[in-house]
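What follows is a single structure, written as structure tokens, with notes after it.
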Amino acid sequence: MSHSYVDDVRPGSGSLPPRARYATSDAAALSLNGSWRFRLSATADAEDDSFAAPGHDSSGWDEVRVPGHWVLQGHGAPVYTNHLYPFPVDPPRVPTENPTGDHLRYFDLPGDWGGGDALLRFDGVESCARVWLNGRELGEFKGSRLPHEFAVGHLLRAEGNVLAVRVHQWSSGSYLEDQDQWWLPGIFRDVTLLHRPAGCAGDFFVHASYDHHRAEGTLRVDSERAGRVTVPELGIDVATGEQVTVPVRPWTAETPRLYDGTLVLPGERVPLRIGFRTVAVEDGVIKVNGERILFRGVNRHEFHPDTGRALDAGTMRRDAELMKRHNINAVRTSHYPPHPDFLDLCDELGLWVIDECDLETHGFVEQDWHDNPVDDDRWTPALIDRAARMVERDKNHPSVIIWSLGNEAGTGRGLTAMAEWIRARDPERLIHYEGDPGCRDTDMYSRMYPPHDEVDRIGRGLDGGPAARRGLPFILCEYGHAMGNGPGGLADYQRLFEAHPRNQGGFIWEWIDHGLTDARFGFAYGGDFGEELHDGNFVCDGLLFPDRTPSPGLIEYKKVIEPVRIEAGAADGAAAGVRITNLYDFSDLSHLAFEWSFQSGGETVAHGPLTVPPTAAGAWAEVRLPEPPVSEKGVGSVWTVRALLAEDTPWGRLGHEVAWGQLEAARPAPVQVPGHDRPARGQGLITLGPASFDVRTGELRTIGPVAVAGARLNVWRAPTDNDNGAPWQPDPRNGPLWRALGLHRVRHRLDAVEVTDDAVTVRTRVAPAGRDVGLLTDYRWTSDGVRLRLTVSVVPQGRWRLPLPRLGIRLGLPASYGGVRWYGGGPGEAYPDSRSAARLGLWHTDVDAMQTPYVRPQENGARADVRWAELTSPQAGLRIDGDPAFWLTARRWTTGQLDAAEHLTDLVPSAETVWVELDHLQHGLGSQSCGPGVLPEYRLDARPAEFSFVFTPLDGA
Ligand code: GAL
């Protein structure tokens, strides 16, 4: 056989029809994972197939780990492209240069294996594999993230079996797998030999529905081989194919009730985990068990920074648990069926799943979708094969409520054929596909990255469109592009999901940054491996950093989607009240314990349990807080109410915080700087209270013992990925425009240093070369002898067509001032349109810990609503009170250095200076790296502004 199968559109030959997959049974199984012999060739046919013959001498070969990708194990390199095919588009042909990995695995059968049939199962191989056992060819297949099985019983020997697998990186299948991710060839999921005793299970289909009117479940297990189905807890013992209805508790993502059962066949007992639930579109909304559900979802690619798409069990569990702990209730398995064990976790922990087929042909957009395989009948068998492999494998998971045909594959007959196949096989689930605005094949209208105003219109049914679409429920299969710092605007979306029943929530793009561990760069992204075509750090757009540390975006999302809203309620005399709204779709609040606490000056002075009635899903309760435990002393006070898990759950411990809210009882009293000190001119310096200034430039030199460098207006920030935006965005993109305007290189012209009786006033004009816009900026310094007050006034000149990145002052302190304490929003970073998770409190940290390690360095680390802050060295400190509150950022490099860095390893801390930014305002973040920009309410337009800070030197801090 030649290698012509590689670019044949057909899905393969020799493998068995797809069937239900289950993790365990009492039939023997032998994992063939581990170390395999490996040889890499540059083309598909550089070597003949004699390696597959028993006795072939592979002693000179390398070894690779299976599951794994050879490009992450020292053979070749990964390639990242978003939608461009990294080879000429000439379907179904692929390049002659086609890295091909020959794999060999030698194995003996366990002593108790028994005779009879056996299957060899591959759970995932990218992108095309040809398989031999003991020198006999079994066949070849494509469909990287789908299972393929071969009958091998007749070929097995007790000892010395040789399994040979030739894997080609590129094949016709690659045209169907143009997902935005690294191209990572290899046998990246498990390889298993399954004993098939006489009378063992074939395919089977568990149908378990729930009638919410009667609180009953109906079970029927259709099985290729007849047997019995038992569910002891429900007293069920019926024949396969027989239907039984019994009272049950339903399965939902909030209450993932599973019943253990067994499919008993003459030769095999297969454990079943049965969840009863019914999904339907009724009255134009998606309902499960009769209730509208709201997706608080994420898109999950499979990714690990060391092993790519080869995930171990611990990593999968960690993903599912992290999702649950961050209030996420839904996963879209973008853009292929995940490792099957992940769906077991979704069943067990409770996550709604949109299971997406391994199909994307996005690169054809460059050809205006000409020759798109989904609109070319020659490819239809391959498409249906993919749909069938997904549905058959995953159909017994209660968590899977929606099948998705694929992602970004344009439109065409092939998609309709897939949808028809799926509906015929499984009419009990819904179908999703985003790429067809006509919704020809789908049960819901789905969009990616629509702006807020459009989501509002859709929710109100004012979006027009084809009639078939107007009555459908609406979801955002992708929104909130979590690339770098952001996304902004999530709370604003959430309000639109809660306002309109048709808007059933969405799925953030995406779960995790795909940065690969790399000694040179920290984490590598597109281009770091010398790729000819690549899309840079567009592959790092997750809510988790590559090492699975939650980013500020995830903390924000957790708060925005919290299932319990805690906000100010009606006061009752002196006692404050809180309103507690249950935003779950099914559960009441009895699984939560509420507690109140009272902070004075940031210290908790009293706390206690708060009794909240059980409150049904969708209802709210008003609860009275106790009398304030202490009287206000000008330091600020706040009530904090938290909802905690009342018991351990499989994903979170008792006491895990699900939701919280705050009511500020009193703001700290503003700092007064009365009785003006007189400035005095001395040798080269002006002194005023604790401060000294350069007599010629008016520049601040010292505050008490603290040397201060470069204090002046700052409007620049190292553009975020969302500032830079994606090149295809229709709206103006601020990052490039700011740079073109020269905001990164403004000059400060000194117009006057005025020393009067009670103030030093420095008048300047801040402007970039080559432009007529500028900011007249005055710094007015006053003092009461102890404290120093700075009032900055800014008046824009000329026509500013762009918002400002930020507006504030920055100053340099000695590097020893690395301690930070503040009263304000924390503990983490926040920006104007991403600040829901900032809670008011007294926070301590240090400058290093204030940095957020975005894989591509960019603006980060601002703390919101800071009333006062202290920067401290081991000996002394500087306190800064804001009037009004400000945004605080501190780092050991300049904004210019942050802007220039491409990888985390480019950032080198200064040994001299801590740069502190005190911002009156910040521009929002938005989501323009792949979505809408900053909403008008979070835009920082150049306008006259005045703001003050009071600096107080602290001795012996
Ligand atoms: C979508 C696509 C995703 C990803 C995202 C941007 O268009 O479906 O796969 O590319 O944009 O990160």
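How would you classify the stretch 161-238 from its alpha-carbon gyration tensor, with a ≥ b ≥ c the square roots of the eigenvalues: rounded for a/c under 1.5, else prolate if a/b is greater than b/c, otherwise oblate? In terms of gyration-tensor shape, oblate. For the residue pairs LYS324/LYS633; LYS142/LYS559; LYS142/LYS324; LYS287/LYS559; LYS559/LYS633, alpha carbon separations beyond 32 Å are given by LYS324/LYS633; LYS142/LYS559; LYS142/LYS324. Its convex hull of Cα atoms gives the stretch 387-546 a direction-averaged projected area, equal to a quarter of the hull surface, of 11.9 nm². Whole-percent P(r), the stretch 280-560, all Cα pairs, 5 Å bins from 0: 1, 6, 12, 16, 19, 18, 15, 9, 3, 1, 0, 0. Largest first and in whole Å, the equivalent-ellipsoid semi-axes of the stretch 204-278 read 21, 12, 10, each the square root of five times a Cα gyration tensor eigenvalue. With contacts taken as Cα pairs under 8 Å at a separation of at least 6 residues, the stretch 414-499 carries a relative contact order of 26 percent.
In this structure, the amide hydrogen of LYS287, modeled 1.01 Å from its nitrogen in the peptide plane, lies closer than 5 angstrom to those of ALA280, VAL281, GLU282, counting only residues at least 5 positions away or on a different chain.
Got a sec? Which residues in the stretch 1-23 would a label at ALA46 touch, if it sits 7 Å along Cα→Cβ and we count backbone N under 18 Å? Of the residues in the stretch 1-23, 3-4, 6 have backbone N under 18 Å from the label point off ALA46.
The stretch 22-64 and the stretch 717-777 have Cα centres separated by 61 Å.
Over the Cα atoms of the stretch 473-517, the radius of gyration divided by the Kirkwood radius equals 1.08; this is the Rg/Rh ratio. Mean projection of the Cα convex hull over all viewing directions, computed for the chain: 42.6 nm².
Listed from fewest to most Cβ neighbours within 10 Å, the set HIS69, HIS844, HIS534 follows the order HIS844, HIS534, HIS69.
In a fully extended conformation the segment linking ALA158 and HIS370 would gain 71.1 nm over its present Cα-Cα distance, using 0.36 nm per residue.
In degrees from 0 to 90, rounded to the nearest 10, what is the angle of the helix 313-325 Cα long axis to the longest principal axis of the chain? Tilt relative to the chain: about 50 degrees. If R0 is 41 Å, the Cβ-Cβ spacing of VAL908 and ALA666 corresponds to a FRET efficiency of close to 0.40. Panel order for ILE401, ILE328, ILE686, by other beta carbons found within 10 Å of each beta carbon, from fewest to most: ILE686, ILE401, ILE328.
Between the helical axis of 340-349 and the longest alpha-carbon principal axis of the chain there is an angle of about 60 degrees.
Placing pseudo-labels 7 Å out from each Cα toward the beta carbon at ARG771 and SER35 gives an inter-label distance of 6.0 nm. The charge dipole of the stretch 4-196, taken about its Cα centre with unit charges on the Cβ of Lys, Arg, Asp and Glu (plus for the first two, minus for the last two), comes to roughly 400 debye. Counting neighbouring beta carbons within 10 Å and listing from fewest to most, the residues GLU366, GLU699 come out as GLU366, GLU699. Binning the C-alpha pair distances of the stretch 1-102 at 5 Å intervals from 0 yields a P(r) profile of 2, 8, 13, 17, 20, 17, 14, 6, 2, 0 %, listed from the shortest bin outward. Stokes-Einstein, applied to the Kirkwood radius of the stretch 564-666 over Cα pairs at a viscosity of 0.890 mPa s and 25 °C, places its translational diffusion at 174 µm² s⁻¹. Measuring nothing but how far apart in sequence close Cα pairs (under 8 Å, 6+ apart) lie, relative to its length, the chain scores a relative contact order of 9 percent.
The charge dipole of the chain, taken about its Cα centre with unit charges on the Cβ of Lys, Arg, Asp and Glu (plus for the first two, minus for the last two), comes to roughly 2400 debye.
Here the stretch 42-97 is assigned +1 on the Cβ of each Lys and Arg and -1 on the Cβ of each Asp and Glu. Its dipole about the Cα centre then comes out at about 340 debye. When each of the peptides 458-468, 346-356, 799-809 is scored by the mean number of other C-beta atoms lying within 10 Å of its residues, the order from highest to lowest reads 346-356, 799-809, 458-468.
Taken together, the values in this text are just the output of simple stated rules run on the coordinates, not laboratory data. This structure is a prediction, so every number in the text was calculated from the model and none was measured. When we count neighbours, we look across all protein chains shown, and the Cβ atoms used for this are built from the backbone with ideal geometry, even at glycine.
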